[in-house]
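Structure in structure tokens, see below.
Coordinate-derived values only; no laboratory data. It should be emphasised that the depicted structure is a prediction, and the values quoted were computed from it without experimental measurement. Please note: Cβ atoms are built from the backbone with ideal geometry, for glycine as well, and neighbour counts cover all protein chains shown.
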Amino acid sequence: MSDFNPADPFAFFNQMMKPGSNPFMPPLSEEEIDRKIAECRTVEQWLSLQVGMLQMTVKTLEMQKAGLAAFKQSLDPKSSENP
């Protein structure tokens with residue numbers, strides 16, 4: 001029962017899919033509760049990391065867009081001054 005590996009981000013989901021385990025039944029012991037808390041924290045950390053990576057990707061794309069707009073403007077500055 002203590003085969004949970006916190007380094008594996010999918011261990012929580014694998015545990016839920018095992019035959020005979022029911023994720024909707026309440027834990028029966030304090031050790032089981034502690035294990036489930038550790039699993040949930042692992043999933044939370046993994047999701048936080050993914051959100052951080054997504055935010056960094058969005059900011060990078062926004063910077064690329066601004067850089068491209070500045071580059072286009074520097075190539076033809078007169079077109080932006082005279083509509």
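What ³J(HN,Hα) values, in whole Hz, does the Karplus curve 6.51 cos²θ - 1.76 cosθ + 1.60 give for region 35-47 when θ = phi - 60°, with x put for Gly and Pro?
In residue order, the calculated couplings are 5, 5, 4, 4, 4, 5, 5, 5, 5, 4, 5, 5, 5 Hz.
Note the full-extension length gain between THR60 and SER48 as 0.36 nm times their separation in residues minus their Cα-Cα distance, in nm to one decimal. Don't skip to the end; give the middle numbers.
Values: separation 12, 0.36 × 12 = 4.32 nm, distance 1.83 nm.
Length gained between THR60 and SER48: 2.5 nm.
Using packing as a proxy for protection, rank 65-72, 39-46 so that the peptide with the highest average count of other Cβ atoms within 10 Å comes first. Numbers along the way, then the final one.
Details: 65-72: 10.2, 39-46: 13.8.
Ranked from most to least packed, the peptides come out as 39-46, 65-72.
Also: Quick one: if you stick a label point 7 Å off each Cα along the C-beta vector at GLU32 and ASP76, how many nm between them?
Taking the simple label geometry, GLU32 and ASP76 are separated by 6.9 nm.
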